[in-house]
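The values are calculated or read from the model by the stated rules, or taken from the named source; none is laboratory data. For clarity, every value in this text was computed on a predicted model and none was experimentally measured. So basically every Cβ, Gly included, is an ideal-geometry build from the backbone, and we count neighbours across all protein chains shown. Surface accessibility is based on the protein's heavy atoms, side chains included, excluding ligands, DNA and RNA. Shrake-Rupley method; radii C 1.70, N 1.55, O 1.52, S 1.80 Å.
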Amino acid sequence: MAYKDEQLNEEKVFKDPVHRYVHVKDQVIWDLIATPEFQRLRRIKQLGTTNLTFHGAEHSRFNHSLGVYEIVRRIIYNFQDRPHWNKDERLLCLCAALLHDLGHGPFSHSFEKVFKLDHEHFTQQIILGDTFVNKILKRVSPGFAQKVSDVIAKTYEDKLVVSLISSQIDADRMDYLQRDAYFTGVSYGHFDMERILRVMRPIDDQVVIKSSGMHAVEDYIMSRYQMYWQVYFHPVTRSAEVILSKILHRAKHLFEKNYTFKLEPTHFISFFKEDVDLADYLKLDESIVFYYFQAWQEEDDPVLHDLCERFMNRRLFKYIEFNPNQQMNEWMELYKLFQDAGIDPEYYLVVDSSSDLPYDFYRPGEEEERLPIHLLMPNNELKELSRHSDIVESISGKKRTDHKLYFPADVLHRMNDKSHLKKRIFELLYGQGESK
Amino acid sequence: MLTNHAKLMQFFAVAEEVTGRKKLQKMIYILQKCHVPFEEKYQFHFYGPYSEELTLRMEELCNLGFVAEMKEDKSNYYQYNYRITGDGLDFLNQFSIDMPDIKTQVELLQRRSSRFLELVSTMLYFDDLSKDAVVEKIHIVKPKQNYTSDEINEAWTFIASLQKNPLQ
């Protein structure tokens, strides 16, 4: 029997808190899960620094990847006898679902911004390079690894296959919304996925939703909106993310200035040089990052030492709402006051905006920027969701954005009470004297 | 602070007005590929390279009053046009950002349709492939647009003209 068709003697199941069970019958999938590159995902948290706000959010990219695989497996099962669905794409869909996040690194959003990396580029490299994953995919057929890579890169010829993994209602989002809600413990984020799976239909090159399932999709869109503001964009999580980014910036800056680290930052050197190869990339997981952050608390550089101590002990920055249009002059004055007070504003006075986040809202795609969710009407016509749903229309019409100014309130409080600098800084931050 | 926002406003200060979200998406992507230091992350989507970060940043600029968004009814769809405001120019004047002169490139892009820029940006997305492979890829990822050989040849010429005008 060809490797691609090989089935396990007995179906394997992973117990899963979101989907109850993740079912594996294909030998290829079982072998992929066992690779070091996939096992590495156990050591990378799905939500990065969110556990500093929601302590339960310790789940990993490994959990999520299995979850996406399981959802795609169920969708394909539902699609198997429907027109427009090509049964030959089954294994390709399952592999792409399982491997779609393979290139994520630790705290990947901050790492990508500071070191100019792209996790998708590393996903491609792991799938196509000299890796255990690639060896397995090549056993399926010579061109199979490239196909999996193309699906994940969204450049595969069959758009229907791509849309299962990546569209505005895809398995990736359906898993992370439910999983993140479960592990953070919030009550939003839940929706009736079983119902959505039952009303999904493959039509030409996209997955559409039978109009009778519109309310289940409304719930999904609402949960996406709620999770965005209540979890993903939580101001305390952003504070931790700001400090994390500043640690990476500082360490890179020190390296460039030939600073002598007490502990040679071996694992970070190619990152500092912005010349990271796959082997270096795969070595870096969260345990390594935490090891360095622990060690850097002992460094002589006061900024690196302080930022690491803050991150490790959750001594985060405080924040105020900030409007760059109305408060630009205040910001410039604050910048100068921080400098005068010996607090480096490059590291300790930070504006963070909602656009700095890797999550998105539903977009109706009015000018073909993105493919929207289409409802399949009883007369077989396709209608964009927000044109038919008042709830979705009202959410997608709202362009809520947000900026916050982060600073170390504890340092400011410790300043000399008689200092005019302190008085003025508090006036600018809180519109009055020192806030308790 | 807000350096990436300021870079976009610098673009609008040069472009004056951009007609359509899709055109804006593709213009910024093509400029990125010409080494203009925009940092918005792009991914390949149904209609070519698209940046959610750019969409969000534009919403922020509009909410802050730095960029004005005008909605135009085109009978079967809406088109959104963008222009920098007085507040946006004031904000920009307080910034010193390190941006090359992009006037020539922006003028070249402004003259083209969003359909054409979708083709150019898609070709640039695959710029690590050979010319023949790029053409093959265009037909794979854009079957519905039915780009003709003439359009593809014109796009190659256009890309060459962009590269002939190096950034100052």
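Tabulated results
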| quantity | calculated |
| --- | --- |
| Output for the stretch A:288-319, where each listed residue is open to solvent by 70 Å² or more (accessible area, probe 1.4 Å), aromatic (Phe, Trp, Tyr) and in contact with a His (Cβ under 9 Å, 6 or more places away or on another chain) | A:Tyr291 |
| Test: A:Glu157 is open to solvent by 30 Å² or more (accessible area, probe 1.4 Å) and part of a loop (DSSP other than H, G, I, E, B) | yes |
| Tally, over the stretch A:368-389, of residues that are open to solvent by 80 Å² or more (accessible area, probe 1.4 Å) and either within 12 Å of chain B (Cβ to nearest Cβ) or acidic (Asp, Glu) (or both) | 3 |
| Yes/no for A:Ile343 being assigned to a loop (DSSP other than H, G, I, E, B) and modelled with pLDDT of 95 or more | yes |
| Selected residue (criterion: farthest from B:Gly88 (Cα to Cα)) from residues of the stretch B:64-76 that are surrounded by 20 or more Cβ atoms within 10 Å (Cβ to Cβ) and within 9 Å of chain A (Cβ to nearest Cβ) | B:Leu64 |
| Within the stretch A:320-350, considering residues that are closer than 22 Å to A:Ala251 by Cβ and buried (at least 18 other Cβ atoms within 10 Å of the Cβ), the one farthest from the other protein chains (Cβ to nearest Cβ) | A:Ile343 |
| All positions within the stretch A:390-431 that are open to solvent by 60 Å² or more (accessible area, probe 1.4 Å), in a helix (DSSP H, G or I) and within 14 Å of chain B (Cβ to nearest Cβ) | A:Glu393 |
| Single match in A:Arg314, A:Arg310 (criterion: in the same structural domain as A:Ile425 (by TED's automatic domain parsing) and at positive phi) | A:Arg314 |
| Subset of the stretch B:105-156 [under 27 Å from B:Asn81 (Cα atoms) and of a type in the set (Lys, Arg)] | B:Arg111, B:Arg112, B:Arg115, B:Lys142, B:Lys144 |
| Count of residues meeting criterion [surrounded by fewer than 15 Cβ atoms within 10 Å (Cβ to Cβ), more than 12 Å from every other protein chain (Cβ to nearest Cβ) and either in a strand (DSSP E or B) or free of Cβ contacts under 8 Å to residues at least 40 places away in the same chain (or both)] in the stretch B:84-112 | 3 |
| Answer residue from the stretch B:18-63, given it is among the aliphatic types (A, V, I, L, M) and not in a helix (DSSP H, G or I) and is farthest from the other protein chains (Cβ to nearest Cβ) among those | B:Val36 |
| Hits in the stretch A:3-38 - residues which are surrounded by 15 or more Cβ atoms within 10 Å (Cβ to Cβ) and β-branched (Val, Ile, Thr) | A:Val18, A:Val22, A:Val24, A:Val28, A:Ile29, A:Ile33, A:Thr35 |
| Candidates A:Glu120, A:Glu89, filtered to the one that is acidic (Asp, Glu), within 14 Å of chain B (Cβ to nearest Cβ) and open to solvent by 10 Å² or more (accessible area, probe 1.4 Å) | A:Glu120 |
